[in-house]
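J.: Supplied in structure tokens, the structure appears directly below.
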Amino acid sequence: RAKTSRRGGYEYFTRSMGVEIRERVMLMHALRAAFEHERLFLVYQPQVDMRTGKALGAEALLRWRTDEGKFVPPDQFIPIAEYSGLIVDIGEWVLRSALHELVALRNMGYTTFQMAINVSQAQFSHPLFMQTLHKALQDTSAPPQFVELEITESMAMKDPDLLIKTLHQIKQLGVSVSIDDFGTGFSSLSHLQKLDVDKLKIDRAFVNDIQQNGSEGSIAKMIVQLGQNLGLSVIAEGVENDMQAKTLMDYGCHMAQGYFYARPLTQQDLHDWLKAGPARPAS
Ligand code: C2E
Ligand code: MG
Ligand code: MG
Ligand code: MG
């Protein structure tokens, strides 16, 4: 009896595993088709100076709408894109599209606008990455000093020497680099000091942790201080309310991105949002 049920459990287990893998393979094929049929697009989430509500720039975020009109969240398809290698082509397209939009915004008069673009491990460690970046900048005529690449802390762990070398080359192009989801990747502080980066992005989990009156000793505060000590700028992601904004400003962090200011916007909505002037300042 025990044997039967164990076998039953085992069968159930393999069957569900099988479904999961099948689903992943299906998703991978669907993603490739979506990319080929231009069903991927970018949205842009404004980054603001919390003191004034003024837009500093935006982060480009990838979206996938299926033929049925459903949205697949990036947390679901980005890992598949990475795992399958599709991210290299998709990432190049993201890069070029975001740079193209940056140039369009500059032509509209937003001449200090910064464009932040996510870059994943597989892209970054690809031997042609620097060439791809260089060519994308050239072809779009995007000014490198208004371009920022977002990398993650975990990438710093994989191949430190390659990372240091690549960061140096990026710097030479005039492009800046931020560490995304900072505080979640367990990179050592001594390591961080060696990396030629410009900015830390406080992960939204730590912004979410900011509670009324309970701000002493919070991780967000420590990250702001760390940034100040290392001479790096700091931006908070996932700012959802006035209290979080105020607390962060008390810490000395003035840049933010979050639903409190703006959600990720389509190209047209971004243009309308910018035209409407400064976002609600946290007063
Ligand atoms: P991320 O780079 O950390 O992007 C920030 C995420 O936080 C975005 O989720 C954004 O919509 C969300 N967010 C911003 N403000 C708030 C807020 O106030 N509250 C809440 N609850 N969420 C907020 P999204 O667009 O779903 O992207 C998820 C992740 O997928 C990104 O995290 C990034 O790691 C990855 N991703 C998105 N686009 C790209 C891309 O073009 N290339 C690569 N390699 N990864 C991308
Ligand atoms: Mg990001
Ligand atoms: Mg982030
Ligand atoms: Mg995040």
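The values are calculated or read from the model by the stated rules, or taken from the named source; none is laboratory data. Just so you know, these numbers come straight off a predicted model, no measurement behind them. Glycine also receives a Cβ, built like all others from the backbone with ideal geometry; neighbour counts cover every protein chain displayed. Surface accessibility is based on the protein's heavy atoms, side chains included, excluding ligands, DNA and RNA. Shrake-Rupley method; radii C 1.70, N 1.55, O 1.52, S 1.80 Å.
J.: Taking the stretch 230-251, which residues are over 18 Å from residue 54 (Cβ atoms) and part of a loop (DSSP other than H, G, I, E, B)?
T.: Listed by number, the residues that qualify are 231, 232, 238, 240, 241.
J.: So residue 260 passes all but one of these: (1) within 16 Å of ligand 1 (Cβ to nearest atom); (2) touching a residue at least 24 places away in the same chain (Cβ under 8 Å); (3) crowded, with 19+ Cβ neighbours inside 10 Å. Which condition number does it fail?
T.: (2)
J.: From the list 238, 214, 277, which one is at pLDDT below 95, out of contact with any Ser or Thr (no Cβ under 7 Å at 6 or more places or on another chain) and under 29 Å from residue 102 (Cα atoms)?
T.: Residue meeting the stated conditions: 277.
J.: Moving on to the next point. Outside any helix (DSSP H, G or I), within 20 Å of residue 55 (Cα to Cα), more than 16 Å from ligand 4 (Cβ to nearest atom) and of a type in the set (Ser, Thr, Tyr) - does that describe any residue in the stretch 252-259?
T.: no
J.: Let me ask you something else. Can you tell me which residues in the stretch 25-51 are in a loop (DSSP other than H, G, I, E, B) and either within 16 Å of ligand 4 (Cβ to nearest atom) or open to solvent by less than 70 Å² (accessible area, probe 1.4 Å) (or both)? Break it down into steps so the answer makes sense when it comes.
T.: Of the residues in the stretch 25-51, the ones in a loop (DSSP other than H, G, I, E, B) are 37-39, 50-51.
Result: 50, single match.
J.: Quickly run through the stretch 158-200 and pick out the residues that are more than 15 Å from ligand 3 (Cβ to nearest atom), over 19 Å from residue 221 (Cα atoms) and assigned to a loop (DSSP other than H, G, I, E, B).
T.: 159, 174, 175, 195, 196
J.: Among the residues of the stretch 105-114, is there at least one that is under 18 Å from residue 59 (Cβ atoms), open to solvent by less than 50 Å² (accessible area, probe 1.4 Å) and under 18 Å from the mean Cα position of the chain (by Cα)?
T.: yes
J.: Would you check which residues across the stretch 88-129 are in contact with a Ser or Thr (Cβ under 9 Å, 6 or more places away or on another chain) and over 30 Å from residue 277 (Cα atoms) and list them?
T.: Once the filter is applied, which keeps residues that are in contact with a Ser or Thr (Cβ under 9 Å, 6 or more places away or on another chain) and over 30 Å from residue 277 (Cα atoms), the stretch 88-129 yields 88, 91, 92, 120, 121, 123, 124, 125, 126, 129.
J.: Here's something else I'd like to know. Of all residues in the stretch 42-61, how many are touching a Phe, Trp or Tyr at 6+ places or on another chain (Cβ under 8 Å) and within 18 Å of residue 93 (Cα to Cα)?
T.: Of the residues in that region, 4 qualify.
J.: Can you find a residue that is part of a helix (DSSP H, G or I) and at negative phi anywhere in the stretch 63-72?
T.: no
J.: Further question on the same structure: Can you say whether residue 74 is within 16 Å of ligand 4 (Cβ to nearest atom), closer than 25 Å to residue 23 by Cα and open to solvent by 60 Å² or more (accessible area, probe 1.4 Å), as far as the supplied structure shows?
T.: Details: within 16 Å of ligand 4 (Cβ to nearest atom): yes; closer than 25 Å to residue 23 by Cα: yes; open to solvent by 60 Å² or more (accessible area, probe 1.4 Å): no.
Criteria not met by residue 74.
J.: Further question on the same structure: Can you tell me which residues in the stretch 109-141 are under 19 Å from residue 264 (Cβ atoms) and touching a residue at least 40 places away in the same chain (Cβ under 8 Å)?
T.: Listed by number, the residues that qualify are 110, 113, 114, 115, 116, 117, 118, 120.
J.: Considering only the stretch 52-71, state which residues are under 19 Å from the mean Cα position of the chain (by Cα), small (Gly, Ala, Ser) and open to solvent by 20 Å² or more (accessible area, probe 1.4 Å).
T.: Of everything in the stretch 52-71, just one residue is under 19 Å from the mean Cα position of the chain (by Cα), small (Gly, Ala, Ser) and open to solvent by 20 Å² or more (accessible area, probe 1.4 Å), namely 55.
J.: Report, by residue number, each residue of the stretch 171-193 that is more than 16 Å from ligand 2 (Cβ to nearest atom), in contact (Cβ under 8 Å) with a residue 12 or more places away in the chain and either under 26 Å from residue 137 (Cβ atoms) or in contact with a strand residue (DSSP E or B) (Cβ under 7 Å, 6 or more places away or on another chain) (or both).
T.: Of everything in the stretch 171-193, those that are more than 16 Å from ligand 2 (Cβ to nearest atom), in contact (Cβ under 8 Å) with a residue 12 or more places away in the chain and either under 26 Å from residue 137 (Cβ atoms) or in contact with a strand residue (DSSP E or B) (Cβ under 7 Å, 6 or more places away or on another chain) (or both) turn out to be 171, 173, 174.
J.: Taking the stretch 77-103, which residues are open to solvent by 10 Å² or more (accessible area, probe 1.4 Å), under 17 Å from residue 21 (Cα atoms) and within 16 Å of ligand 2 (Cβ to nearest atom)?
T.: 78, 79, 82 - these are the residues of the stretch 77-103 that are open to solvent by 10 Å² or more (accessible area, probe 1.4 Å), under 17 Å from residue 21 (Cα atoms) and within 16 Å of ligand 2 (Cβ to nearest atom).
J.: Write out, first by first residue and then by second, each pair whose Cβ atoms fall under 6 Å of each other, whose residues are 6+ apart or on separate chains, and whose first residue, in the stretch 142-156, is farther than 11 Å from residue 113 by Cβ while the second is within 11 Å of ligand 1 (Cβ to nearest atom) and assigned to a helix (DSSP H, G or I).
T.: Listed by first residue and then by second, the contacts come to 155/121.
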